[in-house]
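The values are calculated or read from the model by the stated rules, or taken from the named source; none is laboratory data. Keep in mind that what you see is a predicted model, and the values were worked out from it rather than measured. For neighbour counting, all protein chains shown are included, and Cβ atoms are generated from backbone atoms with ideal geometry for every residue, glycine included.
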Amino acid sequence: MKTWLIQTARALSLFLGAVVLLAGCESKGPAEKAGENLDKSVQEAKDAVHPPSVAEKAGHAIENAGEKAAHAIDKAGEKAGHAIEKAEEKLKEGVQEAKDAIHPPGTAEKAGRAIDNAVKP
């Protein structure tokens, strides 16, 4: 029983670690967003003075599509990260419950856990 639990915990930890690595992108900060807006405004001003060719328009459309795809991937990564955190917490709770079933905690340990749970953020 104990070996199965340890193996399951290890496999889940490896899986969660891989997902975290793949979803490790952070959200854009306000300075980065402001810079992108400035770049967009400059490009629009250039286009007003010298209208872009069909090829340039296609290039802009491809660039915009890529940026939108990157944004969608970032959001999906954030959601995956939150789901991983919740899954990790549930796994820890399950492991603790299994340990408690094998070796029931004493009164002092129960009191310590109650304090830990009370001060959790």
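Couple of notes before you dig in:
- Within the stretch 49-88, the set of residues being closer than 30 Å to Arg113 by Cα and not acidic (Asp, Glu) comprises Lys79, Ala80, Gly81, His82, Ala83, Ile84, Lys86, Ala87.
- Every test in (1) at pLDDT 80 or above; (2) under 30 Å from Arg113 (Cβ atoms); (3) surrounded by 10 or more Cβ atoms within 10 Å (Cβ to Cβ); (4) over 21 Å from the mean Cα position of the chain (by Cα) is passed by Leu91 save one, and that test is (4).
- Residue pairs whose Cβ atoms lie under 9 Å apart, separated by 6 or more positions or on different chains, with the first residue in the stretch 57-75 and within 18 Å of Lys46 (Cα to Cα) and small (Gly, Ala, Ser) and the second in a helix (DSSP H, G or I) and at pLDDT below 90, do not occur.
- Of the residues Lys86, Lys75, the single one that is surrounded by 11 or more Cβ atoms within 10 Å (Cβ to Cβ) and either at pLDDT below 90 or in a helix (DSSP H, G or I) (or both) is Lys75.
- Of all residues in the stretch 56-65, one or more are under 30 Å from Gly29 (Cβ atoms), in a helix (DSSP H, G or I) and either acidic (Asp, Glu) or in contact with an Asp or Glu (Cβ under 7 Å, 6 or more places away or on another chain) (or both).
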